[in-house]
Amino acid sequence: MNSPSSSTSESQDEKIIDLFWNRSESAISEAASEYGRYCYSISYHILRSTEDAEECVNDTWLRTWNAIPPQRPGKLSFFVGRIVRNLSLDKFRSKKAKRRGGEMSPILEELSEAIPGGPDTESLVLDRELGRAINDFLRTLPENACNLFLARYWHSMPLTEIASKFGVKENNIKASLFRTRGKLKEYLEKEGMQP
C-alpha cells in the first residue's frame with residue numbers, strides 16, 4: 001500500500017504530466033518547482049559547476065516539453081532525472097574533450113569494467129536494452145548495495161559524500177562497489193550483453 005506522501009507525489013506527477021500533455025504553459029514552472037532541486041543535484045554532481053548544472057536543468061524542461069507528448073512517463077522524477085543526467089554527461093564529455101580530469105573520469109572508468117563499450121552508434125542502439133538489463137540487475141541487489149551503486153553511478157556522488165550520507169567508511173564503499181561491478185559484469189555476460 002502506498003504511503004500518503006507517495007500517493008500525493010504520484011498525483012502531483014500525474015497533474016504535471018497532464019499539463020505537459022495538454023501543452024499548458026504552466027507545465028514547465030510546475031515541473032521546475034517540483035523537481036528543480038532534484039535535477040540540479042544530479043547535474044551538479046556530474047559537472048561540479050553551478051552555471052553548467054543550471055543550464056542542463058533549464059534544457060531538461062525544454063526536452064521534457066518536446067518529449068511529452070508523445071511519451072507519457074510512468075514516474076516523472078525518473079523521466080526528468082534521466083534527461084538531466086544525459087544532458088549533463090553530454091556536457092561533461094564535451095568539456096572533457098577540451099580538458100582532462102574531474103570527478104566523473106574515475107566514475108566512468110570504474111563502470112567501464114562492467115558495462116560493454118563499443119562504437120557510438122552501437123552504444124546508442126544497445127542503450128535502451130542495456131538500461132533495462134541494469135535495472136533488472138539492480139532489483140537483485142540488497143538495498144544497501146543498490147543504494148551505494150545508485151549514489152555513485154546514477155547521482156555521481158563522490159565517495160566522501162556517499163560515506164557521509166550512508167555512514168559507511170570509504171573503503172567499505174569501494175569494496176561494495178567493486179563487488180557490485182563484478183556481479184553486474186557477470187549478469188550482463190549471462191544476458192549476452194558483453195562482447
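The values are calculated or read from the model by the stated rules, or taken from the named source; none is laboratory data. These figures come from a predicted structure and were not determined experimentally. Quick reminder, even Gly has a Cβ in these numbers, built from the backbone with ideal geometry, and neighbours come from all protein chains shown. For accessibility, only protein heavy atoms count, side chains too; no ligands or nucleic acids. Shrake-Rupley method; radii C 1.70, N 1.55, O 1.52, S 1.80 Å.
For this structure, a couple of remarks:
- Failed condition for Asp120, given (1) modelled with pLDDT under 75; (2) within 30 Å of Trp21 (Cβ to Cβ); (3) open to solvent by 90 Å² or more (accessible area, probe 1.4 Å): (2)
- Take the conditions (1) open to solvent by less than 60 Å² (accessible area, probe 1.4 Å); (2) under 25 Å from His155 (Cβ atoms); Leu62 misses just one of them, which is (1).
- Checking each residue in the range 133-190 for being surrounded by fewer than 13 Cβ atoms within 10 Å (Cβ to Cβ), small (Gly, Ala, Ser) and in a loop (DSSP other than H, G, I, E, B) picks out only Gly167.
- Taking (1) at pLDDT 85 or above; (2) under 26 Å from Met157 (Cβ atoms); (3) open to solvent by 40 Å² or more (accessible area, probe 1.4 Å) in turn, Cys39 satisfies each apart from (3).
- Residues of the range 16-29 that turn out to be part of a helix (DSSP H, G or I), surrounded by fewer than 16 Cβ atoms within 10 Å (Cβ to Cβ) and either at pLDDT below 90 or under 23 Å from the mean Cα position of the chain (by Cα) (or both), as a count: 1
The rows are residues; the columns are (1) of a type in the set (Ser, Thr, Tyr); (2) closer than 26 Å to Gln12 by Cβ; (3) at pLDDT 90 or above.
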site: Cys56; (1), (2), (3): no, yes, yes
site: Asp59; (1), (2), (3): no, yes, yes
site: Ser94; (1), (2), (3): yes, no, no
site: Ala97; (1), (2), (3): no, no, no
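- Answer from Leu177, Leu150, Leu159 - the residue that is of a type outside the set (Phe, Trp, Tyr) and in contact (Cβ under 8 Å) with a residue 40 or more places away in the chain: Leu177
- Residue list for the range 65-98, filter: charged (D, E, K, R), buried (at least 17 other Cβ atoms within 10 Å of the Cβ) and under 13 Å from the mean Cα position of the chain (by Cα): Arg85
- Residue list for the range 34-52, restricted to those being in contact (Cβ under 8 Å) with a residue 24 or more places away in the chain and of a type in the set (S, T, N, Q): Ser41, Ser43
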